[in-house]
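Take a look at the structure below.
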Amino acid sequence: MRLRLSILDQSAAAVGRGQDAAIRQTLELAQKAEAWGYDRFWVSEHHSHPSIVGSAPEVLMAAIAARTRRIRIGSAGVMLPHYAPLKVAEQFRVLDALAPGRIDLGVGRAPGSDGRTAQLLNPDRSASERFPQQVMELQAWVSGRQLPPGHPGHQVWAYPQSDTAPTVWMLGSSDYGAQLAAHLGLPYAFAYFITDGQGAEEALQLYRDTFRPSPGLPQAAAALCVWALAADSDEEALHLFESRARWKMDRNLGRIGALLPPEQAARDYSPAEQLALERLRASALIGSAATVGRKLRQLAARLEVQELVVITWAHDPDVQCRSYELLAKEFALAANC
């Protein structure tokens with residue numbers, strides 16, 4: 001079975017460029033991703049985040065749907081505790097009407113923000129405790145099934161109805177999401193880029209071992225979301241990676257901001273920071289297309305996944321596009337369309 005490649009774009013902010021430009025770049029990248037042969041194009045949800053300005057995936061997906069014809073479009077994800085499941089189901093059924101059979105509805109439990117912002121989005125502090133119930137309600141409304149008698153949502157429908165429906169995905173970076181996805185018979189995407197790989201093997205194995213087939217998914221289906229950057233040479237990739245490396249080092253100190261150009265990213269690091277930086281560079285999925293391709297194939301084989309969802313941050317949009325183009329050629333994606 002071929003290794004499928006998809007994209008998760010987070011509309012990352014960059015120094016010297018307006019945040020609105022980051023949103024428009026996401027739209028342009030989605031069109032190019034379709035031409036290059038990627039399977040899916042997902043967008044994320046973050047709030048009051050100075051680095052990631054994609055705050056409304058359902059709006060962004062509608063614009064992408066209008067500009068594409070083949071590629072699947074999805075959220076990675078909708079942070080469900082912020083919202084009423086019925087409203088989310090309605091939004092994604094509208095999206096499915098705009099792009100029939102191409103919509104993925106990835107959901108997560110994390111706030112995608114800080115605690116104060118999360119409370120402003122939903123003042124109910126216990127909302128995340130009802131996440132499993134929310135997902136089950138969402139599944140029913142999205143697929144057109146009736147909720148059971150006695151449930152407040154019985155005989156309530158999410159319109160518009162049609163012959164197709166969005167595919168609900170569970171997103172996670174721990175055992176919690178893996179267990180819930182397995183219990184509900186949902187496809188599961190592990191956020192490898194968040195944990196730097198920690199817990200990935202255990203979560204994916206737990207998902208497979210406890211998976212219960214569902215009407216929409218007879219067997220377990222897992223994807224891995226990774227951060228990677230390809231360039232024309234290993235040396236160039238290492239240089240371009242400085243923007244992301246500086247961002248991660250600053251984040252560890254509680255400083256979160258827009259991406260710096262690689263030429264401005266270097267700063268004086270303490271000996272402990274320098275050691276952490278060297279480890280970061282050594283473990284990063286960066287290099288030439290051949291180098292990154294080899295690393296991605298090895299990772300997919302080790303964790304036994306058939307799909308990788310690639311995230312690439314770069315200060316220069318052309319660098320980001322070049323990386324995805326190189327990987328598309330390395331994996332011969334267009335030939336598989």
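All of the numbers you see were taken from the coordinates with simple rules; none came from a lab. This structure is a prediction, so every number in the text was calculated from the model and none was measured. Because the Cβ atoms are built from the backbone with ideal geometry, glycine has one as well, and the counts that use them run over all protein chains shown.
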How would you rank PHE241, PHE92, PHE190, going from fewest to most other Cβ atoms within 10 Å of each one's own Cβ? PHE241, PHE92, PHE190
Please order LEU5, LEU80 by the number of other Cβ within 10 Å, starting at the fewest. LEU80, LEU5
Could you state the per residue volume, in Å³, of the convex hull enclosing the Cα atoms of the chain? 135
Long-range amide H partners of VAL156, meaning residues 5 or more apart or on another chain whose placed amide H is closer than 5 Å, are LEU147
Can you list residues whose amide H is under 5 Å from ILE73's amide H, if they're 5+ apart or on another chain and H is modeled 1.01 Å from N? PHE41, ILE103, ASP104
In what sequence do HIS49, HIS239 fall when counting other Cβ within 10 Å, fewest first? HIS239, HIS49
Over the range 201-337, what is the mean sequence separation of C-alpha contacts under 8 Å (at least six apart), divided by residue count, expressed as relative contact order in percent? 36
Volume of the Cα convex hull of the range 141-217, divided per residue and given in Å³: 115
Can you list the lysines whose alpha carbon is less than 29 Å from that of LYS32, not counting same-chain residues fewer than 8 positions off? LYS248, LYS295, LYS329
The ³J(HN,Hα) series, computed from each phi in the range 325-331 with the Karplus coefficients 6.51, -1.76 and 1.60 at θ = phi - 60°, rounded to the nearest Hz and given as x for glycine or proline, is 5, 4, 5, 4, 5, 4, 9
Percent antiparallel among DSSP beta bridges (both partners in the chain, rounded to 5): 5
Along the chain, longest interval not containing exposed trypsin sites (Lys or Arg not before Pro), exposed being DSSP loop plus at most 13 other Cβ atoms within 10 Å: 146-254
